[in-house]
Amino acid sequence: MSKITEIFILKMKKGDDVDAIREAARADFVALEGVMSWETLVTTDQSRDTLYADIFTFPDHETAKRVTPQFAERPATQAFLGQIDEMIVGQFFTAHQPKTSE
């Protein structure tokens, strides 16, 4: 099965410690077996609210389904969840395989 990417688009609370809390959560979560990576992207348009895309990768769907629930249970990641003002979307994604006509 294909690699699974889980993407969350978030609006974060304001605060000087949000980045430190995210980095502590990242170090904790990526240490779990089955978590391949956690990347964070940020929007650049300063005339709009800042949004973050937190992108997690797992080797397959079964691993993603097994590991992801632990995010809400671990103290470091719970602290990160407490910094989220709004979660706009969060879903599993995989590579698109176009259908071909035969």
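None of the figures in this text is laboratory data; all of them are computed from the coordinates on show. What you see is a predicted model; the values in this text were computed from it and never measured.
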- Message: Using Cα-Cα distances under 8 Å and only pairs 6 or more residues apart, what relative contact order does the chain have, in percent?
- Response: 47 percent
- Quick one: compute a quarter of the convex hull surface over the Cα atoms of the chain and quote it in nm². 8.2 nm²
- Got a sec to turn the phi values of segment 64-71 into Karplus ³J(HN,Hα) couplings, 6.51 cos²θ - 1.76 cosθ + 1.60 with θ = phi - 60°, whole Hz, x for Gly and Pro? 4, 5, 7, 7, 3, x, 5, 4
- Query: What is the set of long-range amide H partners of MET36 at a cut-off below 5 Å, with H atoms built 1.01 Å from backbone N?
  - Reply: THR57, PHE58
- Query: Can you give the calculated 222 nm mean residue ellipticity of the chain, where each DSSP H run of n ≥ 4 adds -39,500 (n - 2.57) and the sum is split over every residue, rounded to the nearest 500 deg cm²/dmol?
  - Reply: -7500 deg cm²/dmol
- Query: GNM, the chain, Cα, under 10 Å: largest mean-square fluctuation among ARG66, ARG74, ARG48?
  - Reply: ARG48
- Query: Considering amide H positions built from the backbone, and no H for Pro or chain starts, which residues 5 or more places from THR50, or on another chain, come under 5 Å of its amide H?
  - Reply: none
- To the nearest 10 degrees, the tilt of helix 18-30 (Cα long axis) against the first principal axis of the alpha carbons of the chain is 40 degrees
